[in-house]
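The block underneath contains the structure these notes are about, expressed in structure tokens.
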Amino acid sequence: RFDETVLFRGQNADVLKEEFKTHFRNVSRIMDCVGCDKCRLWGKVQTTGLATALKILFELDEKTLDPHSNANLLQRSEVVALVNTLYRFTESLEAVNNFRKMWSTMNAKDSEDLITKSEQATAEKPHPSPRVGHDCVGSIFEEAQLRLASLFRV
């Protein structure tokens, strides 16, 4: 069971919380560099949805969560993004469930062949998006990878 009360506790709790927020904002800023408008929009919506969920978990106490005493609890855009992100997570979990069912029905030989083909396909280097350009894509992904890695350092 997830217990959010044990997170961001201790000596450096406030520093950790601020650092986490800063890194999360940086991820949102990186989304501005995505070349495809549709991808950028969905990325921003999902980032806002995750940020809203984290805001509810870590920044609001029980008294503030009461909509009767706090009418301006969340902005409309935050609610829309949160619901949309929850829906996307639900779709993803359903897809994982479907893949597990499909995998369980495969025989051992087909399963090994699929694993081999996947390993061969992922051994190739990824190709940059022709719309964005090679230099920009590399630097964006490298920066995103560094920032995300720093989020999960203990």
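The values are calculated or read from the model by the stated rules, or taken from the named source; none is laboratory data. Every value quoted in this text rests on a predicted model; they were computed, and no experiment measured them. Virtual Cβ from ideal backbone geometry, glycine too; neighbours counted across all protein chains shown. In case anyone asks, the SASA skips ligands and DNA or RNA and just uses the protein heavy atoms, side chains included. Shrake-Rupley method; radii C 1.70, N 1.55, O 1.52, S 1.80 Å.
Viscosity 1.567 mPa s, temperature 4 °C: Stokes-Einstein D of the stretch 2-95 from its Kirkwood Cα radius, in µm² per second?
It comes out at roughly 87 µm²/s.
Straight-line reach from Lys21: which lysines fall under 26 Å, measuring Cα to Cα and dropping same-chain residues less than 8 apart?
Partners found: Lys38, Lys44, Lys55, Lys63.
Would you mind computing, in nm to one decimal, how far apart the modelled labels at Leu73 and His23 are, each placed 7 Å from Cα along Cα→Cβ?
So the two model labels end up 2.9 nm from each other.
Can you order the peptides 33-42, 9-18 by their average number of other Cβ atoms within 10 Å per residue, highest first?
33-42, 9-18
Kindly report, to the nearest 10 Å², the accessible surface of Thr64 as traced by a 1.4 Å probe over protein heavy atoms only.
Thr64 has an accessible surface of roughly 50 Å² with all protein chains in place.
Can you list the lysines whose alpha carbon sits under 22 Å from that of Lys117, skipping same-chain ones fewer than 8 residues off?
Qualifying lysines at Cα under 22 Å: Lys101, Lys109, Lys125.
Pop out the carbon and sulfur fraction of the accessible area of the stretch 1-112 as a percent, whole number, probe 1.4 Å.
Carbon and sulfur atoms account for 58 percent of the accessible area of the stretch 1-112.
Just check the stretch 66-113 against the gyration tensor rule for me: Cα atoms, a ≥ b ≥ c as the square roots of the eigenvalues, rounded for a/c under 1.5, and otherwise prolate or oblate depending on whether a/b exceeds b/c.
Prolate is the answer for the stretch 66-113, as a/c is 1.5 or above and a/b outweighs b/c.
Of Ser111, Ser69, which has the most accessible area and how do the rest follow, probe 1.4 Å?
Descending order: Ser69, Ser111.
Sort Val96, Val45 by heavy-atom solvent-accessible area, probe 1.4 angstrom, most to least.
Val96, Val45
What are the extents of the Cα atoms of the stretch 17-63 along their three principal axes, listed from largest to smallest and rounded to whole Å?
If we take the Cα atoms of the stretch 17-63, the spans are 41, 19, 8 Å.
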